[in-house]
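Below you'll find the structure, written out as structure tokens, and then a few comments.
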Amino acid sequence: MMSSTASTDIPQALPTADAIDLRKKYVSPSLSLHYSEYKPLHIVKGDGLFLIDDAGTHYLDCINNVALVGHSHPRLVQVLRQQLANPSFRVSPDGTLLPDDRLLEDYMAKIFRTVPEADFDVILFLRSGSEANDLALSIAKAVTESTQVLVLDGAYHGHSQATMCLSTYKMNQATTDSTYKIEADAVIVPKPDIFRGQYKDPKTAGQLYADDVKAQMESVLSQGKGIAAFISEPFLGTAGQVPLPPGYLQTVYKYVREAGGLCIADEVQTGFARSGVKFWLHQTHRAIPDILVLGKPMANGHPISAVMTKSELVKKFTDKHGPHILNEFISDSLSLALANTVMDIISDEKLQENALSMGNYVLERLKILKDKYSCIGDVRGIGLFIGIEIIKEVDNVKVADGVMAELLVKKALLEHNVLLREDGVDHNVIKIKPPITFSKDNAETLINAIDRSLHSLTSS
């Protein structure tokens with residue numbers, strides 16, 4: 001496994017104040033700057049599990065699920081240099097970059113082996129998770145000749161017009177005069193949260209929440225409308241690191257197919273061995289999607305994403321909308337070379353096994369802290385996809401405590417150089433999604449930072 005010891009060779013950078021001024025002048029304010037309210041981080045380098053600022057300070061990165069195999073992994077750096085020096089691609093007559101055939105063949109073989117039960121035989125390459133989810137939805141609507149899309153309350157599936165308007169996490173924060181509105185064809189179904197949701201018994205919640213989805217579908221069908229798709233992460237991320245209850249996904253998929261819709265698994269955040277148990281998190285539910293969406297960690301942050309599905313669905317889509325999908329850099333050799341290498345690193349360094357063992361260790365340690373601090377309402381996760389829900393009691397009712405969550409994030413950064421971030425609809429869930437090269441030493445640093453920060457906050 002790659003060492004997490006960071007280099008002291010720090011690139012020369014602009015003074016932080018000047019960098020912030022340039023950002024304000026040229027960068028859209030919609031691209032928010034994390035930690036800006038108390039310590040803007042001027043990150044100039046990444047190495048292993050660490051991000052390094054212009055002063056050489058090393059921050060343990062516990063939130064960056066994009067850099068799946070760690071920052072600046074030496075094998076990826078080597079591939080990047082090789083591809084830039086000796087690019088292996090062809091240019092089609094219409095100007096589209098075409099990859100080296102061997103790279104494409106290698107990647108197809110590797111990625112299809114991870115999900116044999118789905119019988120996928122097509123992969124469509126794009127550049128971001130938003131593009132991939134957008135395309136997945138377009139395929140579903142074309143195939144079913146319907147427009148109604150079932151989406152979970154609190155979900156986030158991208159920033160394109162189509163995906164943003166299905167993402168209630170973003171829409172709930174939008175101003176009343178926002179350009180974006182929840183799409184008229186969106187059918188918002190309850191978030192199946194067994195901690196603070198309507199149904200809390202893990203033995204029955206999956207069926208009850210699934211029955212709520214069925215009821216809403218029946219209402220749609222009774223109006224003469226059809227169901228195009230159900231889109232969901234198999235473990236909700238931005239909605240608050242919420243696990244789907246047992247049986248839920250499998251049952252909802254059954255109901256959706258009976259209604260004529262397709263099932264889309266958005267694994268942009270959850271895929272590529274992060275769960276430790278399976279390569280794809282939807283596999284832990286024994287649910288088989290019609291369309292699988294890949295993104296962020298596919299090439300460790302290099303811009304590439306994909307839609308995996310069956311050729312019969314793509315044919316129906318292209319018969320209706322024409323054959324072209326979609327841009328000049330859709331599957332260039334550089335992207336595929338990096339994506340191939342990420343797959344090799346996961347296998348060679350046994351990172352799926354590491355995600356499971358380190359995730360179990362972190363969860364065990366966090367559950368001890370839960371018994372120690374009453375503000376920790378819930379600890380949940382699988383592998384290195386973990387959430388800590390921060391709560392307080394008001395009139396004997398557990399409610400979200402976003403203020404305490406923010407203070408914890410702030411103290412972990414300022415006093416312990418550990419990067420955490422609050423998430424969820426109420427901004428009260430601490431997300432832990434580090435590179436899956438995470439080590440036991442990294443875990444100890446994380447746990448100690450949380451413990452000491454909460455001790456300080458609850459003692460004052």
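Below, the figures for the structure above:
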quantity: Pairs, first more than 20 Å from residue 294 (Cβ to Cβ) in region 137-151, second surrounded by fewer than 22 Cβ atoms within 10 Å (Cβ to Cβ) and among the acidic types (Asp, Glu), C-beta under 8 Å, six or more apart; calculated: 147/185; 148/185
quantity: Entirely in region 393-460, the strands (runs of 3 or more DSSP E) that have 1 or more residues that are of a type in the set (A, V, I, L, M) and buried (at least 19 other Cβ atoms within 10 Å of the Cβ); calculated: 397-400, 429-432
quantity: Residue within region 106-127 that is in a helix (DSSP H, G or I) and in contact with a His (Cβ under 8 Å, 6 or more places away or on another chain) present; calculated: no
quantity: In region 131-167, residue farthest from residue 190 (Cα to Cα) [restricted to those that are hydroxyl-bearing (Ser, Thr, Tyr) and surrounded by 22 or more Cβ atoms within 10 Å (Cβ to Cβ)]; calculated: 163
quantity: Total residues in region 21-39, condition within 20 Å of residue 409 (Cβ to Cβ) and modelled with pLDDT of 85 or more; calculated: 1
quantity: Qualifying residue in region 257-273 (condition: without any contact (Cβ under 8 Å) to a residue 40 or more places away in the chain, assigned to a strand (DSSP E or B) and either of a type outside the set (Gly, Ala, Ser) or out of contact with any strand residue (DSSP E or B) (no Cβ under 7 Å at 6 or more places or on another chain) (or both)); calculated: yes
quantity: Flag for residue 432 being under 16 Å from residue 193 (Cβ atoms), touching a residue at least 60 places away in the same chain (Cβ under 8 Å) and β-branched (Val, Ile, Thr); calculated: no
quantity: For residue 170: the one exception among (1) modelled with pLDDT under 90; (2) on the phi > 0 side of the Ramachandran plot; (3) surrounded by fewer than 22 Cβ atoms within 10 Å (Cβ to Cβ); calculated: (2)
quantity: Residue that is nearest to the chain's Cα centre (by Cα) [pool: residues in region 240-264 that are under 30 Å from residue 399 (Cα atoms) and of a type in the set (A, V, I, L, M, F, W, C)]; calculated: 242
quantity: All positions within region 114-131 that are at pLDDT below 95, among the small types (Gly, Ala, Ser) and over 30 Å from residue 196 (Cβ atoms); calculated: 128
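Let's see how each residue does on (1) under 20 Å from residue 432 (Cα atoms); (2) basic (Lys, Arg); (3) in contact (Cβ under 8 Å) with a residue 24 or more places away in the chain; (4) crowded, with 17+ Cβ neighbours inside 10 Å:
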position: 35; (1), (2), (3), (4): yes, no, yes, no
position: 50; (1), (2), (3), (4): yes, no, yes, yes
position: 53; (1), (2), (3), (4): no, no, no, yes
position: 63; (1), (2), (3), (4): yes, no, yes, yes
position: 68; (1), (2), (3), (4): yes, no, yes, yes
position: 73; (1), (2), (3), (4): no, no, yes, yes
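Yes/no per residue for (1) surrounded by fewer than 21 Cβ atoms within 10 Å (Cβ to Cβ); (2) of a type in the set (Val, Ile, Thr); (3) not in a strand (DSSP E or B):
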position	(1), (2), (3)
229	no, no, no
252	no, yes, yes
289	no, no, yes
301	yes, no, yes
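The values are calculated or read from the model by the stated rules, or taken from the named source; none is laboratory data. Quick caveat, the model's predicted, so the values are computed rather than measured. Virtual Cβ from ideal backbone geometry, glycine too; neighbours counted across all protein chains shown.
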